[in-house]
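The values are calculated or read from the model by the stated rules, or taken from the named source; none is laboratory data. Keep in mind the model is a prediction, meaning the values are calculated, not measured. All Cβ positions, even for glycine, are placed from backbone atoms using ideal geometry, and neighbour counts span all protein chains on display.
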């Protein structure tokens, strides 16, 4: 995470790979302490390849919360059905899985947006004012809102974010992991910014499931859980407690093992 982005407290770097073992290998290579990055952790990276092996050996010790909506999302029925089946698979692996309907008392999209607006509004102001014609119109519209945010409103959201992080910390005193969908829909049409039925949401808030954990700093992995009726793959998101990458990788490896060899690749080929 260097040089610093326009939104350094929201940015996260992670690998995209064909299986969890490859992802673990890359994460071990890119992770760890770097003095240039004020958010890096001054501790050794866990052995995530060993976590893959441990996951294949068994994960019956894990306590898992399963939330289809986190309390506010509006997922498609196909998505819910596939991720619910993933939750049952974790039960079959011996995990204690409990349905948790409400993880967040309200949608934290306003907290993410405030942080994003503060960063891009500061770093990109001159670009908006002098080179607007070079911007994608949807991005320009977002930046207009960013420039309109005032300092008091921003810091109200900063303190709400701190409170949110503490509530999520408390959740992970009861559970080791949280399962949810990754997206509320299976796919978007090419060129579309927002799914048609979610037109009341913005470029970020329609996603629902991932931005809360950009705010709280939880590690998370996505594994292909199945293919919907429209031929599009659906992912299950596995979220761990802060610095809990090992359990996330263990669970992802165990779940991946329940699928046929090459399942992820075939799922995306079907798309």
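Computed quantities for the displayed model
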| item | result |
| --- | --- |
| Residue in the range 5-13 that is closer than 16 Å to residue 235 by Cα and in contact (Cβ under 8 Å) with a residue 60 or more places away in the chain present | no |
| Filtered residue count, the range 144-191, keeping only those that are modelled with pLDDT of 90 or more, over 17 Å from the mean Cα position of the chain (by Cα) and assigned to a loop (DSSP other than H, G, I, E, B) | 1 |
| In the range 206-230, the residues that are touching a strand residue (DSSP E or B) at 6+ places or on another chain (Cβ under 8 Å), outside any loop (DSSP other than H, G, I, E, B) and surrounded by 21 or more Cβ atoms within 10 Å (Cβ to Cβ) | 220, 221, 223, 224, 225 |
| Checklist (1) surrounded by 15 or more Cβ atoms within 10 Å (Cβ to Cβ); (2) at pLDDT 90 or above; (3) under 30 Å from residue 162 (Cβ atoms) applied to residue 59, failing item | (3) |
| Among (1) in contact (Cβ under 8 Å) with a residue 60 or more places away in the chain; (2) surrounded by fewer than 15 Cβ atoms within 10 Å (Cβ to Cβ); (3) part of a helix (DSSP H, G or I) - the single one residue 203 does not satisfy | (3) |
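One line per residue, one yes/no per condition, for (1) in a helix (DSSP H, G or I); (2) farther than 30 Å from residue 5 by Cα; (3) touching a helix residue (DSSP H, G or I) at 6+ places or on another chain (Cβ under 8 Å); (4) modelled with pLDDT under 85:
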{"position": "44", "(1), (2), (3), (4)": "no, no, no, no"}
{"position": "55", "(1), (2), (3), (4)": "yes, yes, yes, no"}
{"position": "64", "(1), (2), (3), (4)": "no, yes, yes, no"}
{"position": "88", "(1), (2), (3), (4)": "yes, yes, no, no"}
{"position": "102", "(1), (2), (3), (4)": "no, yes, no, no"}
{"position": "118", "(1), (2), (3), (4)": "yes, no, yes, yes"}
{"position": "128", "(1), (2), (3), (4)": "yes, no, yes, yes"}
{"position": "138", "(1), (2), (3), (4)": "yes, no, no, yes"}
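Residue-wise test of (1) in a loop (DSSP other than H, G, I, E, B); (2) surrounded by fewer than 19 Cβ atoms within 10 Å (Cβ to Cβ); (3) at pLDDT 95 or above.
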site	(1), (2), (3)
238	no, no, yes
250	no, no, yes
254	no, no, yes
261	yes, yes, no
269	no, yes, no
